[in-house]
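Take a look at the structure below.
The values are calculated or read from the model by the stated rules, or taken from the named source; none is laboratory data. For clarity, every value in this text was computed on a predicted model and none was experimentally measured. All Cβ positions, glycine included, derive from the backbone under ideal geometry; neighbour counts span all protein chains shown. SASA here: full protein model, heavy atoms, side chains in, ligands and nucleic acids out. Shrake-Rupley method; radii C 1.70, N 1.55, O 1.52, S 1.80 Å.
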Amino acid sequence: MSYYDKHVFFCVNQREPGEGCCNDFESARLRNYVKDKVKALDISGEANNIRINSAGCLGRCDDGPVLVVYPEGTWYTYVDESDLDEIIEEHLKNGRIVERLKI
C-alpha cells in the first residue's frame, strides 16, 4: 500500500536550449502553483494524504508538459492553471480521472 493516497510528480527537467523539455512550459512554476493550491484548499491530510513532487525527465517529452499521479499511474498533460485546477478538483480531491487531459 502506498504511503500517500495521491503522489504527484511534475517533470521540471530543463534541457539545453533548442531541445524540448517540460520546463519550457513553466512546469516548475506550475508545480509550485499546485503545491500551494493543495495546501490552501486543505485537501491533504490524514483522510487524503497528497504529496506534490518535482521530478527530472519522465521520458515523455513529446507529450509535455507532463505530470503523473500515483498510485494509479495516470499521466496528464496541461497548458495552464485552469487545467491544473481541474486535475486538483477532479482527480486529487474527488478521485475522478480527467479524460481530456489524460495522455
>> Every residue in segment 50-73 that is open to solvent by 80 Å² or more (accessible area, probe 1.4 Å) and charged (D, E, K, R), please.
In response: R51, D62, E72
>> Looking at I97 and the list (1) modelled with pLDDT of 90 or more; (2) buried (at least 16 other Cβ atoms within 10 Å of the Cβ), which single condition is not satisfied?
In response: (2)
> When the residues of segment 25-40 are filtered to those that are open to solvent by 40 Å² or more (accessible area, probe 1.4 Å) and touching a residue at least 40 places away in the same chain (Cβ under 8 Å), which remaining residue is nearest to the chain's Cα centre (by Cα)?
Replying inline: Y33
> Restricting to segment 78-88, what's the tally of residues that are part of a loop (DSSP other than H, G, I, E, B) and either of a type in the set (G, A, S) or surrounded by fewer than 16 Cβ atoms within 10 Å (Cβ to Cβ) (or both)?
Replying inline: 2
>> One residue is enough: does segment 41-49 have a residue meeting the conditions open to solvent by 40 Å² or more (accessible area, probe 1.4 Å), modelled with pLDDT of 90 or more and over 20 Å from G95 (Cβ atoms)?
In response: no
>> Where the second residue is part of a helix (DSSP H, G or I) and open to solvent by less than 70 Å² (accessible area, probe 1.4 Å) and the first is farther than 15 Å from F10 by Cα and among the aliphatic types (A, V, I, L, M) and lies in segment 80-103, which pairs have Cβ atoms under 9 Å and are six or more apart or on separate chains?
In response: I97/E90; I97/H91; V98/D83; V98/E86; V98/I87; V98/E90; V98/H91
> Out of S2, S54, which single residue is farther than 18 Å from I103 by Cα and in contact (Cβ under 8 Å) with a residue 60 or more places away in the chain?
Replying inline: S2
